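Undergrad: The structure's right below; bear with me while I get my questions together.
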Amino acid sequence: MYNSLWLNYKKLSVSDDFEKNIADCLCNVCFVSFDENNPVFLNAKKEIETAFSVILDRKINFCSNENEMKNGLFINFTPEKDLGKEGYHVFSTDKGYSIEAGGYNGLLYGIFRFIELLRLGKLTGNVDEKVIPDNPLRMLNHWDNMPGDIERGYSGNSFFFEDNKVLVNDRTVMYARAVSSVGINAVVINNVNVKGEASYLISEKHYEDLRNLSEIFNGYGISLFVSINYALPMEYGIETADPLDERVISWWKERCSEIYENVPSLGGFLVKADSEGRPGPFTYGRNQADGANMLAKAIAPFGGIIIWRCFVYNCRQDWRDTKTDRARAGYDYFHALDGQFEDNVVLQIKNGPMDFQVREPVSPLFGGMEHTNQILEVQIAQEYTGQQRHVCYLIPWFKEVLSFNTHMNEASVADIVSGRAMGNRYAGMAAVCNTGNDFNWTGHDLAGANLYGFGKLSFNTSLSSEEIAYDWARLYMASAMGEESFKKINGDRITDVTVEILMKSWPAYEKYNAPLGIGWMVVPNNHYGPDVDGYEYSVWGTYHKADCRAIGIDRTEKGTGFTTQYRKENAELYSSADTCPEELLLFFHRMPYNYILRSGKTIIQHIYDTHFEGAEDVEYMSGLWNTLKGLVNEDVFERVTARFEHQLMHSKEWRDVINSYFYRKTLIEDEKGRELY
Ligand code: GCW
């Protein structure tokens, strides 16, 4: 059982005006000059039929000759216009409405958006929306394992795998519809940690299922990708995985040819190499480009691409060693290889240099490579941001990352990963996905906003977080209730409350988490809940080094030298505590607790204040949520309420554990005399 996410079409008849002017007009739909056998076309048409017949509660008449129709919705194939294959233009005309698209993906996106505009009540007045996606690749990375579990999955088990088999069923179709409705065009179905049966996902045993799955995906404009085990040839009796060894090279060539014979539309492979125990080219004294290029050459004849992750680091560090710095690793391994990768290799770079903390600086690899295809990797699976038990709307965070000026010719991260800055064909954004087989797909209903939002943002990076939140809230929370709740007052109330909660949630989470960008005060391994010294006494190398005098890591030239990996302007900005953005102060600097911040507060007082505030913010959000009782769907209300109850308790635990830790280290009292344990 599963719901239909934000595609829960309900009858809409809000006013007589709607009935007369919109509903009557939209029951005539004309598709002009499309290939009517194209699978994407068929799905697009089916979507209109499904949506309109419910929303308008009328029979829909289709035609393909525009002269046959006086007014209605005209959908035109316009490859000659500047929309590319994926852009669309929706506008009103004196005969009703038009959607123009230059390709089948554009057609699908235009139609999905048109349905949204209808449901959002935005089809009145003059409509004119032309969007060409900013990012060529808009990807979801699932960390699903073939036995059926999900690494860092917080919403049930996999709907792609069970008992080491690939699942292809009605849920697959619902998934493809939903993610393509927000513009996703590439999906990796399996975990980057490729173990057990997953090594053999690209083998005869699973080809047929992969082909069936890829056909469903293709019908929604999505390319199927798989994660592979870099050392796979060794499972087949070759004694090495050295990328320069002829036996390895020809093994991959043959395997690629076999795969493409069976799954012709495969997009390519995602690879995690030389990281956290995964094999890679380092074992053979080769570099990351050697490994990626070997695979790229093998897959190139079939049009495939290799997405190679830059999350390469040594997860062993002695605490006394003040020079080794995990933050440096990505740049240290990849920067010098700029320009050496094959054209069909794309490097996938996590937003920060560490690992999806609630706050990190942007990875210096963005702006550090001028001749390499790059994808930004973010994580909507809330591994470090409340594991979908806390509400944490991450789109504002991603917007900050995208707008970061790398000072490589003044390009922002958005400029680089869109391909605009360097004119690359392969570029884009990927999110580690937050879905599972729970009824509502994301565990926390409000986490659905991150799935919807990631797609929307990767399609159009200039949308604001609020706009995205508003549309999602309206489509999922308010319109799920059907006509009654959608009526002005309730619909607005539900939407406003939901948007307010979403927009408060990431700042609130940051407040009760580790302070000022230092990160890593979580329970090791499962990464849930506070444990200030959890990683302090592990070899993982993510130390905060808090003692009774100071806290933070000196990452300037005098320290680990991480700041020198940035372009001059950013290196200077981060090098001095006076100019360093304060939310990152302890990431870059080791500071005494009585250092005075720009707010006039000492660091220790800032820690106390933000932690009290964070927990208060949760109380406020949960109170707001309670005002929706009786207005939103009861199931949704119950599920979200239960999660807020947990978050209320857990945010207080975070507050108390962190505050008491620093109080005991420093013995400095809270100026406001609040209770410190
Ligand atoms: O930090 C780690 C996560 C791992 C994950 C890894 C990665 C898939 O805790 O669970 O492994 O990041 O991104 O590869």
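What follows is calculated from the coordinates using simple rules that are stated; it is not laboratory data. This structure is a prediction, so every number in the text was calculated from the model and none was measured. Cβ coordinates were reconstructed from backbone atoms using ideal geometry, including for glycine residues, and neighbour counts include every protein chain displayed.
Undergrad: Which of the three applies to segment 138-463, rounded, prolate or oblate, going by the alpha-carbon gyration tensor with a ≥ b ≥ c and a/c under 1.5 meaning rounded?
TA: Rounded shape, in that the Cα axes give a/c under 1.5.
Undergrad: For a Förster distance of 22 Å, can you work out the FRET efficiency between the beta-carbons of THR641 and VAL54, rounded to the nearest 0.05?
TA: Plugging the Cβ-Cβ distance into 1/(1 + (r/R0)^6) gives 0.15.
Undergrad: Also, quick follow-up: Show me the chymotrypsin sites (Phe, Trp or Tyr not before Pro) within segment 516-599 that DSSP assigns to loop and that have at most 10 other Cβ atoms within 10 Å of their Cβ.
TA: TYR537
Undergrad: Using a Förster distance of 60 angstrom, determine the FRET efficiency expected from the C-beta separation of THR124 and GLU208, and round it to 0.05.
TA: Here the calculated transfer efficiency is 0.80.
Undergrad: Which whole-number percent is the relative contact order of the chain (Cα, under 8 Å, 6+ apart)?
TA: Normalised by residue count, the contact order of the chain is 12 percent.
Undergrad: Dividing the Cα radius of gyration by the Kirkwood radius, what Rg/Rh value follows for segment 5-131?
TA: Here Rg/Rh amounts to 0.93.
Undergrad: With the crude spin-label approximation of a point 7 Å out along Cα→Cβ, what separation in nm comes out for ASP82 versus MET503?
TA: 3.3 nm
Undergrad: So if the hydrodynamic radius of the chain is defined as the Kirkwood radius over C-alpha pairs, what does Stokes-Einstein give as its diffusion coefficient at 37 °C and 0.692 mPa s, in µm² per second?
TA: Result for D is 125 µm²/s.
Undergrad: Let me ask another. By how many nm would the segment from LYS11 to ASN262 lengthen if fully extended, with 0.36 nm per residue of separation less the alpha-carbon distance?
TA: 86.1 nm
Undergrad: Between ASN67 and THR93, with labels modelled 7 Å along Cα→Cβ, what's the label distance in nm to one decimal, could you check?
TA: 1.5 nm
Undergrad: Classify segment 311-454 from the C-alpha gyration tensor, please: rounded if a/c falls under 1.5, else prolate or oblate depending on whether a/b exceeds b/c.
TA: Oblate, because a/c is 1.5 or more while a/b does not exceed b/c.
Undergrad: Is segment 406-556 rounded, prolate or oblate when judged by the Cα gyration tensor, a ≥ b ≥ c being the square roots of its eigenvalues, rounded requiring a/c under 1.5 and prolate requiring a/b larger than b/c?
TA: Judged from the Cα gyration tensor, segment 406-556 comes out oblate (a/c at least 1.5, b/c at or above a/b).
Undergrad: Then there's this: If the limit is 20 Å between Cα atoms, which of LYS350/LYS568; LYS399/LYS652; LYS20/LYS70; LYS81/LYS130; LYS350/LYS504; LYS59/LYS85 go over it?
TA: Distance filter (> 20 Å) returns LYS350/LYS568; LYS399/LYS652; LYS350/LYS504; LYS59/LYS85.
Undergrad: Hey, got a sec? Which trypsin sites (Lys or Arg not before Pro) in segment 392-457 land in a DSSP loop and have at most 15 other Cβ atoms within 10 Å?
TA: Sites meeting the loop and neighbour criteria: ARG420, ARG425.
Undergrad: Then there is this: Taking the simple approach of a point 7 Å from Cα along Cα-to-Cβ for both THR322 and SER462, what is their distance in nm?
TA: Placing both labels 7 Å along Cα→Cβ, they lie 4.8 nm apart.
Undergrad: Follow-up question, since we're still on this one. Full-extension gain between ASN525 and ASP35, please, as 0.36 nm times their residue separation minus the C-alpha to C-alpha distance.
TA: 171.2 nm
Undergrad: How many angstrom lie between the C-alpha centres of segment 583-625 and segment 25-71?
TA: Computed from Cα coordinates, the inter-centre distance equals 54 Å.
Undergrad: Tell me the relative contact order for segment 5-131 as a rounded percent, counting alpha carbon contacts under 8 Å between residues six or more apart.
TA: Computed over segment 5-131, the figure is 25 percent.
Undergrad: Express the relative contact order of segment 221-364 as a whole percentage, based on alpha carbon pairs under 8 Å and six or more residues apart in sequence.
TA: 22 percent
Undergrad: Taking the Cβ-Cβ separation of ASP533 and GLU669 as r and a Förster radius of 22 Å, what is the calculated FRET efficiency to the nearest 0.05?
TA: Efficiency, from the Cβ-Cβ distance: 0.50.
Undergrad: If each residue's Cβ is checked for other Cβ atoms within 10 Å, how do ASP144, ASP35 rank with the fewest at the top?
TA: ASP35, ASP144
Undergrad: About the Cα centre of the chain, how large is the charge dipole given +1 on each Lys and Arg Cβ and -1 on each Asp and Glu Cβ? Please answer in debye to the nearest 20.
TA: Here the chain has a charge dipole of around 380 debye.
Undergrad: Now for a different question. By how many nm would the segment from PHE439 to ASN164 grow when fully extended, if each residue of separation counts as 0.36 nm and the alpha-carbon distance is taken off?
TA: 96.8 nm
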